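Engineer: Below you will find the structure I want to go over with you.
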Amino acid sequence: MQRVLDPRVSGWAMILAWTVACAGGGVTRERFGTTDCGEAVSVFTLKNAHGMALRVTDYGGIILTLLVPDKNGRLDDVVLGYDSLTGYLRSSPYFGALIGRYGNRIAHGRFTLDGKTYTLATNNGPNHLHGGLRGFDKVVWDVAPFEHPDSVGLVLRYTSPNDEEGYPGTLRTTVTYTLTSANELVFDYSATTDRATPVNLTQHSYFNLAGDGKGDILGHVVTLNADRFTPVDSTLIPTGELKSVAGTPFDFRKPTPIGARIDQDDVQLRYGPGYDHNFVLNKSGDGHEPTFAARVYEPATGRVMEIYTTEPGLQFYSGNFLDGTLHGKKGVVYRRRYGFAMETQHFPDSPNKPGFPSTILRPAEQYRSRTIYKFAVQP
Ligand code: BGC
């Protein structure tokens with residue numbers, strides 16, 4: 001039986017109704033709807049012992065809801081999105097979605113690999129964005145839930161056929177979402193291919209740590225562990241330069257409100273307008289363990305999100321293209337900068353930038369990447 005979300009019921013009440021919680025947490029599965037092609041879509045609810053709850057659909061691996069406690073223990077949904085599958089099917093700027101094969105932009109939808117030039121869809125002005133017209137955010141993933149003593153989670157699998165969206169090779173992708181009892185949300189990505197292909201997987205949740213629909217995110221205080229960023233052209237393609245953040249509005253090495261310099265007269269801030277840039281993360285260690293990338297603090301609620309990753313880059317997007325036309329959960333109007341995304345990934349347009357870390361996966365290699373969003377409170 002198909003269950004349709006009732007917008008009159010609050011997200012939290014729905015979670016309570018749906019989660020057959022064992023004492024520490026649990027995972028449940030419900031019907032969410034049907035795609036335009038008639039595929040059945042489910043929603044999974046995961047809960048930990050501290051009340052943190054996550055709702056994920058197998059359509060695009062989309063995170064629909066993320067309930068996080070504030071400094072007084074109050075739970076709020078901190079991600080943007082829609083109440084029903086229809087919203088995601090009709091028009092979504094990648095709210096909460098799993099992105100592949102290539103997160104971010106590839107200039108002119110073209111790259112040359114091993115002497116052959118490949119053409120991809122140009123779905124963002126002159127460029128290819130987030131995997132194309134039907135990227136990993138628009139396919140139904142095969143999902144297997146799991147429960148361990150200190151965590152609950154989902155294993156999502158998708159096999160992308162050769163030539164899908166113009167990319168070479170059959171790509172077998174596995175992504176694991178884990179919610180731990182330490183209030184962490186862990187993303188483990190892995191993939192193999194039978195022909196060389198670019199791969200750059202990421203998660204595209206939009207956050208508002210004050211709570212979804214509670215206004216803009218300009219007061220959130222951001223720290224980024226990045227001495228450099230990749231300046232872009234007017235179509236948001238990196239120029240290839242790795243530029244020092246020193247003395248620019250891109251210097252988040254010390255905690256700084258997003259809004260403090262976002263409207264400064266800086267050519268790089270004109271395109272969004274605002275932040276929509278890849279930061280070159282400072283790295284230590286052997287690259288196999290996630291290292292500190294970012295911290296975001298919301299002063300009114302005390303909520304803190306820390307990001308650790310094995311990836312070399314982080315796209316900080318300040319929700320500039322939200323323009324009040326999308327009506328999200330409970331009818332909230334998403335205005336400019338009502339949410340931000342922090343997408344851990346390789347640098348944009350790497351397939352055309354020999355100086356950037358490679359995103360090419362070859363047969364016999366394994367793509368692996370891990371990102372942790374850790375939630376806490378600061379009084
Ligand atoms: C991009 C933005 C884009 C947004 C939604 C972000 O990853 O950097 O430019 O508007 O995704 O598509």
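The values are calculated or read from the model by the stated rules, or taken from the named source; none is laboratory data. Predicted model, so just to flag it, every value in this text is computed and none were measured. Glycine gets a Cβ as well: all are built from the backbone with ideal geometry, and neighbour counts include every protein chain shown.
Engineer: What's the number of the condition Gly115 fails, among (1) at positive phi; (2) of a type outside the set (Lys, Arg); (3) crowded, with 22+ Cβ neighbours inside 10 Å; (4) out of contact with any helix residue (DSSP H, G or I) (no Cβ under 9 Å at 6 or more places or on another chain)?
Structural biologist: (3)
The rows are residues; the columns are (1) closer than 18 Å to Ile99 by Cβ; (2) assigned to a loop (DSSP other than H, G, I, E, B).
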residue: Glu311; (1), (2): yes, yes
residue: Gln315; (1), (2): yes, no
residue: Gly324; (1), (2): no, yes
residue: Arg336; (1), (2): no, yes
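Engineer: Scan segment 273-294 residue by residue and report those that are surrounded by 17 or more Cβ atoms within 10 Å (Cβ to Cβ) and in contact with a Leu (Cβ under 8 Å, 6 or more places away or on another chain).
Structural biologist: The answer is Tyr275, Asp276, Asn278, Phe279, Val280, Leu281, Ala293, Ala294.
Engineer: Separate question: For the list (1) among the hydroxyl-bearing types (Ser, Thr, Tyr); (2) within 16 Å of the ligand (Cβ to nearest atom); (3) more than 17 Å from Glu311 (Cβ to Cβ); (4) touching a strand residue (DSSP E or B) at 6+ places or on another chain (Cβ under 6 Å), I need the number of the one condition that Ser205 fails.
Structural biologist: (3)
Engineer: Please identify the pairs in which a residue from segment 95-116 that is free of Cβ contacts under 8 Å to residues at least 60 places away in the same chain has its Cβ atom under 7 Å from the Cβ atom of a residue that is surrounded by 20 or more Cβ atoms within 10 Å (Cβ to Cβ) and of a type outside the set (S, T, N, Q), counting only partners at least 6 apart or on another chain.
Structural biologist: Every condition considered, the pairs that remain are Gly109/Leu120; Gly109/His128.
Engineer: Test Tyr367 against the stated conditions and say whether it is farther than 23 Å from Arg303 by Cβ, hydroxyl-bearing (Ser, Thr, Tyr) and at pLDDT 95 or above.
Structural biologist: Taking the combined requirement at face value, the residue satisfies it.
Engineer: Then there's this: Restricting to segment 334-375, and then to whatever is more than 13 Å from the ligand (Cβ to nearest atom) and polar (S, T, N, Q), can you tell me which residue is surrounded by the fewest Cβ atoms within 10 Å (Cβ to Cβ)?
Structural biologist: Applying the filter and picking the extreme gives Gln366.
Engineer: Right, here's the next one. Residues to consider are Arg195, Arg157, Arg172, Arg105; find the one that is touching an Asp or Glu at 6+ places or on another chain (Cβ under 7 Å) and surrounded by fewer than 17 Cβ atoms within 10 Å (Cβ to Cβ). Lay out the reasoning, then the answer.
Structural biologist: Numbers: Arg195 fails: touching an Asp or Glu at 6+ places or on another chain (Cβ under 7 Å); Arg172 fails: touching an Asp or Glu at 6+ places or on another chain (Cβ under 7 Å); Arg105 fails: surrounded by fewer than 17 Cβ atoms within 10 Å (Cβ to Cβ).
After applying the criteria, what remains is Arg157.
Engineer: Of everything in segment 128-149, what is within 16 Å of the ligand (Cβ to nearest atom) and among the acidic types (Asp, Glu)? Give them in sequence order.
Structural biologist: If the condition is that a residue be within 16 Å of the ligand (Cβ to nearest atom) and among the acidic types (Asp, Glu), then Asp137 is the only one that fits.
Engineer: Among the candidates Ser91, Ser84, which residue alone is of a type in the set (Gly, Ala, Ser) and within 15 Å of the ligand (Cβ to nearest atom)?
Structural biologist: So the residue among Ser91, Ser84 that is of a type in the set (Gly, Ala, Ser) and within 15 Å of the ligand (Cβ to nearest atom) is Ser91.
Engineer: Mind checking which residues of segment 296-314 are closer than 20 Å to Arg105 by Cβ and either surrounded by fewer than 24 Cβ atoms within 10 Å (Cβ to Cβ) or more than 16 Å from the ligand (Cβ to nearest atom) (or both)?
Structural biologist: The answer is Pro312, and nothing else.
Engineer: Restricting to segment 299-337, name every residue that is on the phi > 0 side of the Ramachandran plot and touching a residue at least 40 places away in the same chain (Cβ under 8 Å).
Structural biologist: Gly302, Gly319, Lys330, Gly331, Arg337
Engineer: Additional query: Say we look at segment 255-272 and pick out the residues that are surrounded by 15 or more Cβ atoms within 10 Å (Cβ to Cβ) and either under 17 Å from the mean Cα position of the chain (by Cα) or assigned to a loop (DSSP other than H, G, I, E, B) (or both); which of these is farthest from the ligand (Cβ to nearest atom)?
Structural biologist: Of the residues in segment 255-272, the ones surrounded by 15 or more Cβ atoms within 10 Å (Cβ to Cβ) are 256-259, 261-262, 268-269, 271-272.
Imposing the further condition that a residue be either under 17 Å from the mean Cα position of the chain (by Cα) or assigned to a loop (DSSP other than H, G, I, E, B) (or both) reduces the set to 261-262, 271-272.
Values: Arg261: 19, Ile262: 15, Tyr271: 9, Gly272: 7 Å.
If we take residues in segment 255-272 being surrounded by 15 or more Cβ atoms within 10 Å (Cβ to Cβ) and either under 17 Å from the mean Cα position of the chain (by Cα) or assigned to a loop (DSSP other than H, G, I, E, B) (or both), then Arg261 is farthest from the ligand (Cβ to nearest atom).
Engineer: Follow-up. Pairs only if they're at least six apart or on different chains, beta carbon under 6 angstrom, first in segment 119-136 and assigned to a strand (DSSP E or B), second of a type in the set (D, E, K, R) and more than 13 Å from the ligand (Cβ to nearest atom); list them, first residue then second.
Structural biologist: Thr119/Arg110
Engineer: Is at least one residue of segment 94-110 assigned to a loop (DSSP other than H, G, I, E, B), hydrophobic (A, V, I, L, M, F, W, C) and within 14 Å of the ligand (Cβ to nearest atom)? Write out each step before concluding.
Structural biologist: Looking only at segment 94-110, we keep the residues that are assigned to a loop (DSSP other than H, G, I, E, B), and these are 94-96, 100-101, 103-104.
Next, from what is left, pick out any that are hydrophobic (A, V, I, L, M, F, W, C): 95.
From what's left, within 14 Å of the ligand (Cβ to nearest atom): 95.
Checking segment 94-110: at least one residue is assigned to a loop (DSSP other than H, G, I, E, B), hydrophobic (A, V, I, L, M, F, W, C) and within 14 Å of the ligand (Cβ to nearest atom).
Engineer: Just give me the residues in segment 315-331 being away from the ligand (no atom under 11 Å from the Cβ) and either buried (at least 17 other Cβ atoms within 10 Å of the Cβ) or within 17 Å of Asn200 (Cα to Cα) (or both), in sequence order.
Structural biologist: Scanning segment 315-331 gives Leu326, Gly328, Lys329.
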